[in-house]
Amino acid sequence: MISLTKDNRMLGYKSLDLYPNIFHFVTTRQGGCGQGAYGSFNCSPFAGDDAQTVLHNQERIFEEHPFDSSCLVIPHQTHGCEVALIDEAFMGLTDLLKQERLEGVDALITNQPQACLAISTADCVPLLLYDRANHAVAAVHAGWRGTVQNIALKTLQLMRDAFGTHGADVIATIGPSISLHSFEVGKEVYDAFAQAHYDMSQIAYYNDSRDKYHIDLWEANKVQLQSFGVPYDQIELAEICTYCQHDTFFSARRLGILSGRIVSGIMLKQ
């Protein structure tokens, strides 16, 4: 990944940075004003942090750009597979109605300029997608439950229906999240992936010494992207494990549920 700010509070992807009509970012734990398990750059309003602290941190996302935090569209995620279309009608709603529409949503798609789609993660997988032919973007929160339900593939299918998206035109990124080595799961999680017809030899292994399975969420989401036709060389993988690098990135498994979140965002400029 590349650094977007001198203090490393925001990182980006080389593949998306090639397109000047796109603004995107991935936040770290650096450069904010939060304390304790929210220290210091939590930008998620749904993690139990002080509201004014979150607002201040959100403003820091945009302080070097000609837009502000009012363009953020952040859903209240519930580890499902609901995808919301952010269209012109949505942008005209009141803030209260917008938040009602974003309840229980785990992925967003849009072709509206200056709607910054943002999702929150802390070990789950964040994906940012850009359809360079039809000028549409998406942000996806893929925990293990969302991954089992093929949320990345579902998002791309809805982009195809709404915008005419084809896999060959998609630039996809898989951001900082828990790695195969760190993601220990019980047999019930392993079975859920097997029942969803994943090739378990490709995405999992059994650790005899700990009597645990390990699941590769990065690979499972790559499988979905490639099944839609996204070329291998158009998928950028951060290869950053949040569990291992919890000093730099928020990790719920390390810090607990009441802790900060990484926010990954993408927006079409005007």
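Each value in this text was obtained by applying a stated rule to the coordinates, not by laboratory testing. Computed from a prediction, not measured in an experiment: that's the story for all the values here. Using ideal geometry, Cβ is built from the backbone for each residue, glycine included, and neighbour counts are taken over all protein chains shown.
Below, the figures for the structure above:
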{"item": "Quotient of C-alpha Rg and 2.2 N^0.38 Å, computed over the chain", "result": "0.95"}
{"item": "For peptides 225-234, 136-145, sequence by mean Cβ density within 10 Å, most packed first", "result": "136-145, 225-234"}
{"item": "In sequence order, calculated HN-Hα J values of the range 219-225 (Karplus, 6.51, -1.76, 1.60; Hz; x Gly/Pro)", "result": "5, 4, 6, 4, 4, 5, 4"}
{"item": "Simple spin-label estimate for Thr78 and Leu97 in nanometres, 7 Å along Cα-Cβ", "result": "2.2 nm"}
{"item": "Separation of the Ser201 and Val185 label points, Cα + 7 Å toward Cβ, nm", "result": "1.9 nm"}
{"item": "Modelled FRET efficiency - R0 30 Å, Glu219 with Asp17, Cβ distances, 0.05 increments", "result": "0.80"}
{"item": "Residue order, fewest to most beta carbons within 10 Å, for Leu127, Leu55", "result": "Leu55, Leu127"}
{"item": "Cross-link partners of Lys212 among aspartates and glutamates (Cα-Cα below 17 Å; sequence separation of 8 or more within a chain)", "result": "Glu184, Glu188, Asp191"}
{"item": "Antiparallel content of DSSP bridges confined to the chain, in %, to 5", "result": "75 percent"}
{"item": "Ascending count of other beta-carbon atoms within 10 Å, so fewest first, for Phe46, Phe250, Phe163", "result": "Phe46, Phe163, Phe250"}
{"item": "Rough spin-label spacing in nm, given labels placed 7 Å along Cα→Cβ, for Gln226 and Ser209", "result": "2.9 nm"}
{"item": "Amide H within-cut-off set for Val125, under 5 Å, with H built and near neighbours excluded", "result": "Ala142, Gly143"}
{"item": "Those lysines that a straight Cα-Cα span of less than 20 Å connects to Lys14, excepting residues fewer than 8 apart in one chain", "result": "Lys6, Lys222, Lys269"}
